[in-house]
Amino acid sequence: MGFRATLRTLRPARRLAEVTDSDGLDATQYDLVLAALRQDPDIRAVYSMGGGNNATLDAFDAVGRECAVFVAHDLDHDNARLLRAGRLSAVLHHDLRQDMRTACQAVMRAHDALPVDPAPLLPSAIQVVTPYNMPPEPPLTDGRAGAQG
């Protein structure tokens, strides 16, 4: 909602095509994006807060159209691969482990299991990851814990 509200404020004349209810599943996402692309030949950019990014790009390929800008969320395996391949423009990433740690600490403080922290809880930092500031790929292993391949 924040993205839509901001875009409508900054660029009120820009049309926004929403693809929803895919549950992040590739097959569903592909069909929905393909239908949107066929309906609107001006779609050239994507903001994806969910999964199905491979399917979204496959739909662009199917209609022979370039996705000029593609911003996604979470630096998972698929999005890291797509960034390295230059298929994503940027990924908005935050540390889910830190979010869970903060949430658990808040619950524990509410039950007096941890001392009260006078510092206000801050939202987790958002990192903007592009093909140019990608973290290095982890080393390959041969399947054994700690063994380098």
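With a sphere of radius 14 Å drawn around the Cβ of D40, what net charge do the other residues whose Cβ falls strictly inside it have (Lys, Arg +1; Asp, Glu -1)?
Its environment carries a net charge of +3.
Do you know the relative contact order of the range 2-95, to the nearest whole percent, from alpha carbon pairs under 8 angstrom that are 6+ apart?
Once normalised by length, the contact order is 22 percent.
Using +1 at the Cβ of each Lys and Arg and -1 at the Cβ of each Asp and Glu in the chain, identify which of L37, M108, G2 lies farthest towards the dipole's positive end.
G2
Under a no-solvent Debye model with one identical scatterer per Cα of the range 2-95, what's log10 I(q)/I(0) at q = 0.12, 0.13, 0.14, 0.20 Å⁻¹?
One equal scatterer on each Cα of the range 2-95 leads to -0.36, -0.42, -0.49, -1.02.
Work out, step by step, the length gained on full extension between R11 and L96: first 0.36 nm times the residue separation, then minus their alpha carbon distance; give nm to one decimal.
27.5 nm
Pick from A35, A103, A125: which is most flexible by mean-square fluctuation in a GNM of the chain where alpha carbon atoms under 10 Å apart are linked?
Sorting by GNM fluctuation, first place goes to A103.
Suppose every Lys and Arg Cβ carries +1 and every Asp and Glu Cβ carries -1, with no other charges. What dipole size does the range 2-95 come out with about its Cα centre, to the nearest 20 debye?
The dipole of the range 2-95 has a size of about 580 debye.
Between beta-carbons, use under 15 Å as the cut-off and find the net charge around H77, counting Lys and Arg +1, Asp and Glu -1.
Around H77, the surrounding residues sum to -2.
If amide H atoms are built 1.01 Å from N in the plane of the peptide, which residues on other chains or at least 5 residues away come under 5 Å of the amide H of I43?
none
Name the residue, out of V107, V46, V71, whose mean-square fluctuation peaks in a Gaussian network model built on the chain with Cα pairs under 10 Å.
V107
Hey, what number do you get for the chain at 222 nm if only DSSP H runs of n ≥ 4 count, each worth -39500 (n - 2.57), divided across all residues, to the nearest 500?
-11500 deg cm²/dmol
For a Förster distance of 35 Å, can you work out the FRET efficiency between the beta-carbons of V107 and A27, rounded to the nearest 0.05?
0.40
Extending each Cα 7 Å along its Cβ direction at Q39 and E66, get the distance between those two points in nm, one decimal.
Taking the two extended label points, one gets 2.6 nm.
Read the figures in this text as sums done on the coordinates, not as results from a lab. Worth saying up front: this structure is predicted, and the values here are computed from it rather than measured. Methodologically, a virtual Cβ is constructed for each residue, glycine included, from the backbone with ideal geometry; neighbour enumeration extends over all protein chains shown.
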